[in-house]
Every structure is written in C-alpha cells, then in structure tokens.
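Just below is one structure, and these are the notes that go with it.
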Amino acid sequence: MIWLLAFQIAVGPAQHYEKAKQEFAQREFSAAVSEVDAALHENPAMVPALVLKARMAVFAHRPDVAKSCLITAITADPTSEEAQFFLGAFYYQQNDFKLAVSPLQTAQTISPKSPLPVFYLAMTQEALGNAAKALELYRQAESLSPEESPQSAAILVAYGRLLSLMGRPEESMEKVRRAIEEDPESREAHYELAKGLNSEGNLKDAALEAERALTLPELGTTDAQIHFLLARLYVRLKQPDLAKAHLEKFQAAPQTTRR
C-alpha cells in the first residue's frame with residue numbers, strides 16, 4: 001500500500017500538468033488553469049507547472065502572478081533552462097531590459113544550442129542600444145535556428161530590421177526575403193519587405209506586399225501599422241480613394257505603442 005500511495009503521489013502532478021498543457025494548447029484556458037493549479041497543489045515546486053502557469057498568467061495580463069511563478073521556479077531549480085528563459089522573456093516583454101539580460105544569459109549557458117535565449121538576448125541588447133552586440137547575437141541565433149520554420153523567420157525579420165536601422169538596406173532585404181521563404185505566412189516579414197520596397201521606390205510591389213501582410217494573422221505587426229503604410233503608398237501611387245480608405249481604417253484602429 002505504501003508503494004502504491006507513493007506512485008499515486010508521483011504521477012498525480014504529472015498527469016495534471018500534461019492535461020493542463022493540452023488544454024492550454026487547445027485554448028481551453030479555464031480548464032488549463034484548474035489542471036495546473038491541481039498539479040501545483042500536489043507539488044508546489046514542480047518547475048514545468050510553474051512555468052506553464054506563468055505563461056497562462058502573461059496571457060491573462062497578470063504579470064504579478066507570472067513573475068512570482070517564474071522566480072519560484074528558478075529558486076526550486078536554478079538549472080532549468082525553461083524557467084530562466086521565460087523569466088528573461090518576461091522581463092523583455094515588460095520592457096525591463098536590464099533585468100532580462102541575466103536570466104537569458106543563464107539560459108544560454110545551460111542550453112548553448114537553443115536559439116531562443118540568444119534571440120531574446122539579441123532583442124534585449126538592441127533595446128538597450130547595443131547594436132553591435134545585438135547584431136552578433138542575431139547572427140548566432142540565425143545559425144542555431146532550424147530552417148523553414150516560423151522561429152527562423154522571426155529571427156531573420158528582427159535581424160533584417162536592425163540591419164535596416166543601421167543603414168545596411170541590401171543586407172536587410174536579403175534577410176527579410178529569406179524570412180518569407182522560411183515562413184510565407186509571416187505577416188511581419190511581408191510588412192518589412194513592403195517597407196524596404198517603399199524605401200527603394202518600388203511602390204507597386206510594396207503595396208502588394210503590404211496588402212498581403214494585411215491578410216495574414218496578426219502577431220506583432222498591427223492592422224493599424226499596415227493601413228498607415230498603405231495610405232502613404234497609395235498617395236504616392238496617385239490612388240487617392242485607396243489612400244483615403246486605408247487612412248480612415250488607420251484612424252479607426254486602436255492605437256498602441258509598439259517597438
């Protein structure tokens with residue numbers, strides 16, 4: 001009986017955690033929260049469950065809960081690459097860039113072949129104004145990321161955006177075009193290509209790319225940003241009706257501050 005009880009205690013939290021992951025993936029958020037709370041009730045130091053609860057809390061706009069869970073996870077297991085990475089990513093998303101550096105560097109040390117800690121370190125260093133460091137980190141992240149994946153495309157888009165800001169448009173466009181090859185459904189890549197084509201004076205193709213971006217799922221680039229670009233493009237293309245329509249949609253859209 002003792003061994004049976006021990007077995008039940010051991011597998012109980014794991015079962016709740018697995019169910020929570022499935023529910024979260026299926027966007028059944030209430031059920032996922034119940035399951036992850038059940039796992040943590042049985043094992044408060046279960047690091048994967050703490051990380052998952054933190055991710056749910058970010059989704060639910062509860063940064064206080066997310067931070068508490070991630071710090072608890074790292075206290076329980078400082079060698080958890082997942083916990084260190086998500087804490088760094090959390091600080092980055094909260095614009096606490098200096099705080100993001102240490103956990104992201106730790107995650108990189110624990111898992112040197114993982115592209116995500118390096119990618120977030122690159123974005124963090126860029127946000128801190130350290131362009132040279134960021135460029136080298138983007139290069140590392142690109143080399144570590146698997147080809148033909150949304151992750152690789154996201155890295156290439158960010159890399160290309162920084163190259164553009166540094167006055168290296170040809171290299172920038174090469175990265176963005178490759179991002180579209182890696183993930184043709186990347187709204188961010190089509191939007192960045194549209195901006196680059198606009199800068200080159202290729203207005204018709206820029207408008208086509210921006211219109212394509214508008215049809216893709218919204219992640220980082222908002223509808224408002226694309227409508228604003230299209231309004232400018234159609235003014236230059238001497239199509240005032242289309243310019244007016246997109247400007248009105250831009251003005252009607254919720255205005256948020258984005259990097």
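The values are calculated or read from the model by the stated rules, or taken from the named source; none is laboratory data. Since we're looking at a predicted model, the values are computed, not measured. Every residue, glycine among them, receives a Cβ derived from its backbone with ideal geometry; neighbour counts consider all protein chains shown.
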Subject >> Those residues of the stretch 114-155 which are within 20 Å of K98 (Cα to Cα) and polar (S, T, N, Q), in sequence order >> reply: T124, Q125, N130
Original post:
Residue check, A245 against (1) over 24 Å from P169 (Cβ atoms); (2) in contact with a Pro (Cβ under 8 Å, 6 or more places away or on another chain), all met but one. Which one?
Top reply: (2)
Original post:
Got at least one residue in the stretch 33-44 being over 22 Å from A14 (Cα atoms), surrounded by 16 or more Cβ atoms within 10 Å (Cβ to Cβ) and without any contact (Cβ under 8 Å) to a residue 40 or more places away in the chain?
Top reply: no
**OP:** Only one of these is at pLDDT below 95 and over 28 Å from L121 (Cα atoms): A243, A207, A253. Name it.
**Re:** A253
Original post:
Within the set of pairs 6+ apart or on separate chains, which have a first residue in the stretch 141-170 that is closer than 15 Å to K195 by Cα, a second that is not in a helix (DSSP H, G or I), and C-beta atoms under 7 Å apart?
Top reply: V157/S186
Subject >> Positions within the stretch 68-106 being acidic (D, E) and closer than 24 Å to N43 by Cβ, in sequence order >> reply: D77, E81, E82
Original post:
Across the stretch 132-150, what is the number of residues that are under 17 Å from the mean Cα position of the chain (by Cα), within 18 Å of R168 (Cβ to Cβ) and not aliphatic (A, V, I, L, M)?
Top reply: 2
Subject >> Filtered residues of the stretch 205-227 (kept if closer than 23 Å to G167 by Cα and either more than 20 Å from the chain's Cα centre (by Cα) or aromatic (F, W, Y) (or both)) >> reply: D205, A206, A207, E209, A210
Original post:
For F97, are the conditions met, namely being of a type in the set (A, V, I, L, M, F, W, C), surrounded by fewer than 24 Cβ atoms within 10 Å (Cβ to Cβ), without any contact (Cβ under 8 Å) to a residue 60 or more places away in the chain and not assigned by TED's automatic domain parsing to the domain that holds A25?
Top reply: yes
**OP:** Go through the stretch 217-242 and give me each residue that's touching a Pro at 6+ places or on another chain (Cβ under 9 Å) and of a type in the set (A, V, I, L, M).
**Re:** A224
Subject >> Residue that is in contact with a Ser or Thr (Cβ under 7 Å, 6 or more places away or on another chain) and either in contact (Cβ under 8 Å) with a residue 60 or more places away in the chain or among the basic types (K, R) (or both), where the choices are R187, R178 >> reply: R187
Original post:
Looking at (1) in contact (Cβ under 8 Å) with a residue 12 or more places away in the chain; (2) part of a helix (DSSP H, G or I), can you tell me which one P217 breaks?
Top reply: (2)
Original post:
Looking only at the stretch 17-59, which residues are touching a Ser or Thr at 6+ places or on another chain (Cβ under 9 Å), under 23 Å from Q84 (Cα atoms), assigned to a helix (DSSP H, G or I) and not aliphatic (A, V, I, L, M)?
Top reply: P48
